[in-house]
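The values are calculated or read from the model by the stated rules, or taken from the named source; none is laboratory data. Not measured: the values here are computed from a predicted model. Methodologically, a virtual Cβ is constructed for each residue, glycine included, from the backbone with ideal geometry; neighbour enumeration extends over all protein chains shown.
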Amino acid sequence: MSHSSRKQLVTTVKDRCRVCYTCVRECPAKAIKIINGQAEVLSERCIGCGNCVKVCSQNAKIILNSIQEVYDLLNSDSKVAAIIAPSFPAEFSEIEDHTVMVGMIKKLGFDYVSEVSFGADMVANEYKKILKEGHAKPTISSDCPGIVFYVEHYHPKLVPSLATIASPMVAMTRIMKKKYGSNTRVVFIGPCIAKKAESDEVDDAITFKELREMLETNNINPETVTPYDFDPPKAGKGAIFPVSRGLLQTVDVKEDICEGSILVADGRVNFGIAIKEWESGYISDQHLELLCCKGCIMGPGMSASSQRYSRRTRISQYVRNKLERLDQQEWKQYVEEFSAVDFSQEFRPIDRRIRTPLRSDIDKVLKSMGKFEPKDHLNCGACGYETCKEHAVAIVQGLAENEMCLPYTIEKLHNYISELNISNEKLASTRQQLMQSEKLASMGQLSAGIAHELNNPLGVIMMYSNILKDEMEEGNPYRNDLELIVEQADRCKKIVSGLLNFARKSQVNYVETDFHAFVQRSLESMIKPDNVELEFKSNLFSKNVMIDKEQMMQVLTNLEKNAVEAMPDQGGKIEITLEGNPEEVIFTISDTGTGISKENMEKIFTPFFTTKGIGKGTGLGLPLIYGIVKMHKGQISVDSNADPDQGPTGTTFSLRLPRQNYNKQEVKKDPVEYGKEQ
């Protein structure tokens, strides 16, 4: 077969492609490549069946348009003949008289209009010769170019089994050139896309939809044309060719399931199965009549419709009427006249199979989609492939993407949602910390101003109170009053000192510190009653961390003191745990005290807020801790329960301190071991 040099038969309009993979599912040759979720038709693999065009609900698949090339032929000096496929009655059902149809086509500028059906008559005679020979080797019909392409590309070993007979279109082209001269240009009009790439013997090919477009553009309608009959040679029973089993009926062979040797298969699934079983030897003694579509009446070049049986009925009615008025003697003369035309055709293998990937590569892809065992293979077909393994093979071959797997994509989406929720929680926490930092910064500025203004008068009060107290004799009743003044002034001084510590932005003097030993030293200064139990656990593998020892000691002692004071009467237990990783150390202190109520949780780091009694707390301890931890670029979090109905009461503070410029290789083990490391 002299294949046409035309390029891509079907292209994708990317803006319309909606990631449905329907075209992948419907393509028998798997000539669709998915790139970033969009389907691209690979011209070198395409067999022109047009299934992708028919099933695309978004009209994202566009057929090669040949209208301009036909206009160029009509405007040339050559005679131009139109040969129309026998399926035209199924397309132009609104035109009851075929002579009107011929008149409309001639008005476009065609010199001759003939039926491909006569070519089908002549081709049927060639098939009859094969089928009538009892010893004839089983063959595969070659009248459908999509089937021929499929065999040549994907079953090249079966090419010698293709019937060496030209298709009705090619046969009719040869007849027209003999009848009207070799310089006559021939244009095929029919329902098939593959015809555009079948043979260079045909000058051009357009679909019925393209013909409708040309008629509409030129305002040609049945009311404005002169009717003409088809130009000779006139066709006979070959007009039944476009329906499924049309070849059998044309050659007058009955499809007897008991005695017949012909197997008919049409449609993308059926013809593929038939070829595979034939190649495997299961039905190798059968002749195969195959069609890509469910009959040419359902070709992709026809107007959209699912009325298959209605179309079949119109073809049957047209053929019945045609045969009733057919001049049998004239038809036989035409057959005799063109019987000497060569209707043979040669085919050649064009192997376009892709190498089957290694099993290890396939398994690797399957595992990447969470398919570790056969039970994980759902084979749902949502990706467009029948099995998960076929999808994995296509991925390795570069035709598909992991995201085409619906279960995998849904699971991936769920993971993204979970990660997004975690990110949102972190963002909310960061936003809360930022608000707290801004609040503390404002309070710090206010506190610094107040402390500065109070510090001088407090110093004067304390100085003169002490002078007066020293001058008072023992036993003087005013001496007790002066001592009270000195005591309360000293308390005010401590509050002011706390304000200044909270307000100032101290420098962090980092020192490499054994954090295990550092925490133990802080516990040595902790004063706790006998009814409070202390438990210290260290799971640190590497104990060293860069901290400001003076400031961090203030943090630990404050937290430890607060934990003790949270259990004033009943006593309880304090647990301190050290954990870490190469980036940070984690200090956790938990108590079984009364806990912090929910309404107070957001206020605990606010300056001057305290739940302690009057005279027992300034409300600056936790804000000071918060500031020191932040200066260390660390994080502090708190979890607390004050409602016994919700479970055990108590509070847990966690500090996460980065190791800063800590170099793991420079650590020197402390000669003293503090407990067993895990």
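Numbers at a glance
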read-out: Whichever residue in the range 603-634 is outside any helix (DSSP H, G or I) and at pLDDT 75 or above and, among such residues, is nearest to K537 (Cα to Cα); value: G634
read-out: Of all residues in the range 71-91 being hydroxyl-bearing (S, T, Y) and either surrounded by fewer than 20 Cβ atoms within 10 Å (Cβ to Cβ) or free of Cβ contacts under 8 Å to residues at least 40 places away in the same chain (or both), the one that is farthest from S316 (Cα to Cα); value: S76
read-out: Single condition V53 does not satisfy, out of (1) assigned by TED's automatic domain parsing to the domain that holds S167; (2) under 19 Å from E213 (Cα atoms); (3) of a type outside the set (K, R); (4) surrounded by 16 or more Cβ atoms within 10 Å (Cβ to Cβ); value: (1)
read-out: Tally, over the range 549-576, of residues that are polar (S, T, N, Q) and in contact with an Asp or Glu (Cβ under 9 Å, 6 or more places away or on another chain); value: 1
read-out: V19 farther than 25 Å from I147 by Cα, under 23 Å from the mean Cα position of the chain (by Cα) and in contact (Cβ under 8 Å) with a residue 12 or more places away in the chain; value: yes
read-out: Residue match in the range 13-28 (condition: hydroxyl-bearing (S, T, Y), more than 26 Å from D203 (Cα to Cα) and not assigned by TED's automatic domain parsing to the domain that holds L108); value: yes
read-out: Neighbours by Cβ (under 9 Å, 6+ apart or cross-chain): first from the range 185-207, touching a residue at least 60 places away in the same chain (Cβ under 8 Å) and of a type in the set (S, T, Y); second buried (at least 23 other Cβ atoms within 10 Å of the Cβ) and part of a strand (DSSP E or B); value: T207/I189; T207/G190
read-out: Output for the range 518-552, where each listed residue is out of contact with any strand residue (DSSP E or B) (no Cβ under 9 Å at 6 or more places or on another chain) and either not assigned by TED's automatic domain parsing to the domain that holds K633 or not polar (S, T, N, Q) (or both); value: R521, E524, I527, P529, D530, E550
read-out: Long-range neighbours under 9 Å by Cβ, at least six apart or interchain, first residue touching a residue at least 40 places away in the same chain (Cβ under 8 Å) within the range 378-389, second among the hydrophobic types (A, V, I, L, M, F, W, C) and in a loop (DSSP other than H, G, I, E, B); value: A382/C405; C383/A400; C383/C405; G384/C20; G384/C27; G384/A400; Y385/A400
read-out: Among the candidates E96, E152, residue that is modelled with pLDDT of 90 or more, in the same structural domain as I206 (by TED's automatic domain parsing) and of a type in the set (D, E); value: E152
read-out: Subset of the range 284-324 (residues that are acidic (D, E) and either in a strand (DSSP E or B) or free of Cβ contacts under 8 Å to residues at least 12 places away in the same chain (or both)); value: E289, E324
read-out: All positions within the range 325-348 that are over 23 Å from G48 (Cβ atoms) and part of a loop (DSSP other than H, G, I, E, B); value: L326, D327, F338, S339, A340, V341, D342
read-out: Enumerated helices (runs of 4 or more DSSP H) restricted to the range 49-97, each holding at least 2 residues that are charged (D, E, K, R); value: 67-74
read-out: Flag if T173 is farther than 18 Å from M298 by Cβ and not basic (K, R); value: yes
read-out: Complete set of residues in the range 390-412 that are in contact (Cβ under 8 Å) with a residue 40 or more places away in the chain and either aliphatic (A, V, I, L, M) or not in a helix (DSSP H, G or I) (or both); value: A394, Q397, G398, L399, A400, E401, M404
read-out: When residues of the range 167-215 are limited to those that are among the polar types (S, T, N, Q) and within 19 Å of S43 (Cβ to Cβ), the one farthest from the chain's Cα centre (by Cα); value: S199
read-out: Selected residue [among the small types (G, A, S), buried (at least 23 other Cβ atoms within 10 Å of the Cβ) and at pLDDT below 95] from S117, S182, S199, S161; value: S117
read-out: Pairs with Cβ under 8 Å, 6+ apart, first in the range 568-597 and more than 15 Å from N641 (Cα to Cα) and free of Cβ contacts under 8 Å to residues at least 12 places away in the same chain, second part of a strand (DSSP E or B) and hydrophobic (A, V, I, L, M, F, W, C); value: none
read-out: Any chance I193 is at negative phi, crowded, with 20+ Cβ neighbours inside 10 Å and at pLDDT below 95; value: yes
read-out: Pairs with Cβ under 7 Å, 6+ apart, first in the range 93-121 and closer than 17 Å to T184 by Cα, second basic (K, R); value: D111/K79; V113/K106
read-out: Some residue of the range 12-26 being within 22 Å of V170 (Cβ to Cβ), in a loop (DSSP other than H, G, I, E, B) and modelled with pLDDT of 90 or more; value: no
read-out: First in the range 153-182 and free of Cβ contacts under 8 Å to residues at least 12 places away in the same chain, second anywhere and of a type outside the set (A, V, I, L, M) and surrounded by 18 or more Cβ atoms within 10 Å (Cβ to Cβ), Cβ under 8 Å, 6 or more apart; value: K177/T184
read-out: Qualifying residue in the range 178-199 (condition: over 16 Å from F241 (Cβ atoms), touching an Asp or Glu at 6+ places or on another chain (Cβ under 7 Å) and not in a strand (DSSP E or B)); value: no
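The rows are residues; the columns are (1) of a type outside the set (S, T, Y); (2) farther than 20 Å from K633 by Cα; (3) modelled with pLDDT under 70.
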residue	(1), (2), (3)
S437	no, no, yes
M443	yes, yes, yes
N466	yes, yes, no
D481	yes, yes, no
